[in-house]
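Chemist: One structure, as structure tokens, below. Some questions next.
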Amino acid sequence: MNHSDRRGETLVGIIVGVLIIAIVIWSIAKILSIQYVIEDDYLRSQTLFLLENNATNVVKRVDTSGIAENETFSLHKDTLNRRYLVMTGANVEPYKFIDRRGNWVSNTGSFQDTIYIQLMLLDKNATSPVQKQVVKGEIRELIRN
């Protein structure tokens, strides 16, 4: 066997080894990327679930008698007085933005974390002898460009 044949075999072996290592590293990176996407989706869905459940529980405890049927409203968490306020009419627009803890976001342009939009609708079910109030709500993530 010639000396140059051995060099060629060594070079081919090194190239194959580097290729195998590159495939393994790419596979590990792909698995970690998929894991990150799954974890991010899980956290988003859990946050939305908690915000919706909290809003539903708060609406059950606040006075909604002043809200007209099919009127859109939002909840405002007054942290100073430790209570929730029902915002209707012109106050819905500025108070519909909340963070992941349900706190009001006053300046959406400079807020660095995720912002959620909270809108609710009161539907009084008149088919029942006792009027029931059904609250239909929506909390969704605000997509910013």
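Chemist: Relative contact order for the chain using alpha-carbon pairs under 8 Å, separation at least 6, rounded to a whole percent?
Modeler: Reported relative contact order: 18 percent.
Chemist: Another question about this same structure. Obtain the nm distance between the two label points defined at L48 and L142 by a simple spin-label model: each point lies 7 Å from its Cα along the Cα-to-C-beta direction.
Modeler: The two pseudo-label positions are separated by 1.7 nm.
Chemist: Working out 0.36 nm times the residue gap between V12 and S106, then minus their Cα-Cα distance, what length gain in nm do you get to one decimal? List each step's numbers first, then the result.
Modeler: Working: separation 94, 0.36 × 94 = 33.84 nm, distance 6.34 nm.
Residue separation times 0.36 nm, minus the Cα-Cα distance, leaves 27.5 nm.
Chemist: Divide by every residue of the chain the summed helix terms, -39500 (n - 2.57) for each DSSP H run of at least 4, and state the resulting mean residue ellipticity at 222 nm, rounded to the nearest 500 deg cm²/dmol. List each step's numbers first, then the result.
Modeler: Numbers: 2 runs with 63 residues, N = 145.
When only DSSP H runs of four or more count, the value is -16000 deg cm²/dmol.
Chemist: Using 1/(1 + (r/R0)^6) with R0 = 41 angstrom and r between the beta carbons of A29 and E93, what's the FRET efficiency to the nearest 0.05? Could you put the intermediate results ahead of the total?
Modeler: On the way: r = 44 Å, r/R0 = 1.07.
Plugging the Cβ-Cβ distance into 1/(1 + (r/R0)^6) gives 0.40.
Chemist: Taking a label point 7 Å from the Cα of D123 along the Cα→Cβ vector, which residues of region 65-92 have an amide N closer than 15 Å to it?
Modeler: So the set is 69-73.
Chemist: Note the listed values (1) 10.1; (2) 15.6; (3) 7.5, then indicate which one is mean projected area of the Cα convex hull in nm² calculated from this particular structure.
Modeler: (2)
Chemist: Work out the FRET efficiency for R83 and D40 from their Cβ-Cβ distance, taking R0 = 35 Å, and round it to the nearest 0.05.
Modeler: On the way: r = 33 Å, r/R0 = 0.96.
Between R83 and D40 the formula returns 0.55.
Chemist: Moving to a separate point now. Aspartates and glutamates within cross-link reach of K77: Cα-Cα under 13 Å, excluding same-chain residues under 8 positions apart?
Modeler: Of all the aspartates and glutamates, those that pass the test against K77 - Cα under 13 Å, at least 8 places apart if same chain - are D99.
Chemist: Suppose the chain between E69 and T114 were pulled fully straight at 0.36 nm per residue; how much longer would it get relative to their current alpha carbon spacing?
Modeler: Values: separation 45, 0.36 × 45 = 16.20 nm, distance 3.11 nm.
Here the answer is 13.1 nm.
Chemist: Please work out the C-alpha center-to-center distance from region 53-97 to region 98-113 and express it in whole Å.
Modeler: If you average the Cα positions of each part, the centres end up 17 Å apart.
Chemist: Given H placed 1.01 Å from N in the peptide plane, which residues other than close sequence neighbours of Y84 have an amide H under 5 Å from its amide H?
Modeler: Amide H neighbours of Y84, under 5 Å, 5+ apart: D78.
Chemist: Which of the aspartates and glutamates could a cross-linker span from K96 if the Cα-Cα distance has to be under 17 Å and same-chain partners fewer than 8 positions apart are dropped?
Modeler: E52, E71, D78, D113, E138, E141
Every number in this text was worked out from the coordinates using simple rules, so none of it is lab data. Quick caveat: nothing in here was measured; it's all calculated off a predicted structure. Ideal geometry is used to build each Cβ from the backbone, glycine not excepted, and the neighbour counts take in all protein chains shown.
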